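Asks: The structure under discussion is supplied below as structure tokens; questions concerning it will follow.
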Amino acid sequence: MALGATIHTFTVQLADVDRGVYEDLALRVARHPSETEAFMMTRLLAYCLEYEEGIAFSEGISSTDEPAVLVRDLTGRLTVWIEVGAPDADRLHYASKLADRTVVYTHRDPAKVMAPWAGKRIHRADAITLHSFDPGFVEAAVAALDRRNSVTLSVTERELYLDINGTSLSSAVHDHRITQIG
């Protein structure tokens, strides 16, 4: 018998001063059995940091034709493709052709994530940004993770202040531009 997804609930108070976004969110996040908690936490952070009307989680790790998080306009057209983890160059190339904007959030070493992209053809590579966090930040957030979670997330001047279930953490949001080589 195949294992089912584990459902995590998040009550999030989001205050993104940089973008003027202030929302109270009630989120149910399904974690596929093959998905790490760090990947799921990064998905949650990406959702919050990119929050706008039309944002949604995709089918997750089992969906190969959609990103982890996406934004659609009122007509249903995909406007923002939000990858999590370490997507390959072909996936970024496809995403950048399909959506107006493509971004990547990773819990891994950004240099190691970008290394396989070097020399590969990626449509509008210079417009894609890879976002990462301070080393150990996502892992510390995962350590505070439970099935039901209370989260306060504040962003000011690209500094993230996260309180998850009473554990307070902070990290800069590091932006890495993809340079097209070759």
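Every read-out reported here was derived from the displayed coordinates using simple, explicitly stated rules and does not represent laboratory data. Please read these numbers as outputs of a predicted model, since none were measured by experiment. Every residue, glycine among them, receives a Cβ derived from its backbone with ideal geometry; neighbour counts consider all protein chains shown.
Asks: Going 7 Å from the Cα of Arg177 in the Cα-to-Cβ direction, what parts of region 76-106 have a backbone nitrogen less than 17 Å from that spot?
Replies: Counting only backbone N, you get 102-104.
Asks: Further question on the same structure: About the Cα centre, and with charges only on the beta carbon of Lys, Arg (+1) and Asp, Glu (-1), how big is the dipole of region 69-135? Nearest 20 debye, please. Mind dumping the intermediate values first?
Replies: Numbers: 10 positive and 8 negative charges, 44 e Å.
So the magnitude is around 220 debye.
Asks: Quick one: net charge around Arg177, please, counting Lys, Arg +1 and Asp, Glu -1 for every other residue with C-beta under 13 Å from its C-beta.
Replies: Values: positive: Arg124; negative: Asp126, Asp175.
Every neighbour counted, the sum reads -1.
Asks: How much of the DSSP beta bridge set in region 6-177 is antiparallel, as a percent to the nearest 5? If you can, show how the numbers build up before the last one.
Replies: Numbers: 35 of 51 bridges.
Taking every DSSP beta bridge with both residues in region 6-177, the antiparallel ones total about 70 percent.
Asks: Please report, in cubic angstrom per residue, the volume enclosed by the convex hull of the alpha-carbon atoms of region 118-166.
Replies: On the way: hull volume 7.0 nm³, N = 49.
Per-residue hull volume (Cα only) is 143 Å³.
Asks: For the chain, what does -39500 (n - 2.57) per DSSP helix run (n ≥ 4), summed and divided by total residues, give at 222 nm, in deg cm²/dmol to the nearest 500?
Replies: Numbers: 4 runs with 35 residues, N = 182.
Result for the chain: -5500 deg cm²/dmol, rounded to the nearest 500.
Asks: Per residue and in Å³, how big is the convex hull formed by the alpha-carbon atoms of region 9-108? Can you show the working numbers first?
Replies: Numbers: hull volume 10.9 nm³, N = 100.
Given the Cα convex hull of region 9-108, per-residue volume reads 109 Å³.
Asks: Let me check against my output: what whole-number percent is the relative contact order of region 6-177, with C-alpha pairs under 8 Å and at least 6 apart? Before the final figure, lay out each step's value.
Replies: Working: 350 pairs, mean separation 37.4, N = 172.
Contact order relative to length: 22 percent.
Asks: Oh, and also: Tell me which of Ser132, Tyr94, Thr106 sits at the most positive position along the dipole axis of the chain, charges placed on C-beta atoms (Lys, Arg +1; Asp, Glu -1).
Replies: So the residue we want is Tyr94.
Asks: Right, another one. Please pull out the direction-averaged projected area of region 100-182, using the convex hull of its alpha-carbon atoms, in nm² to one decimal place.
Replies: 6.6
Asks: Which of the following values of Rg and Dmax of the Cα atoms in Å was calculated from the structure shown: (1) 21.5, 66; (2) 15.9, 48; (3) 18.4, 65?
Replies: So the calculated entry is the one marked (2).
Asks: Of Ala118, Leu70, Val17, whose Cα points farthest to the positive end of the dipole of region 6-177 (charges on the beta-carbon: +1 Lys, Arg; -1 Asp, Glu; origin at the Cα centre)?
Replies: Farthest along the dipole direction, towards plus: Ala118.
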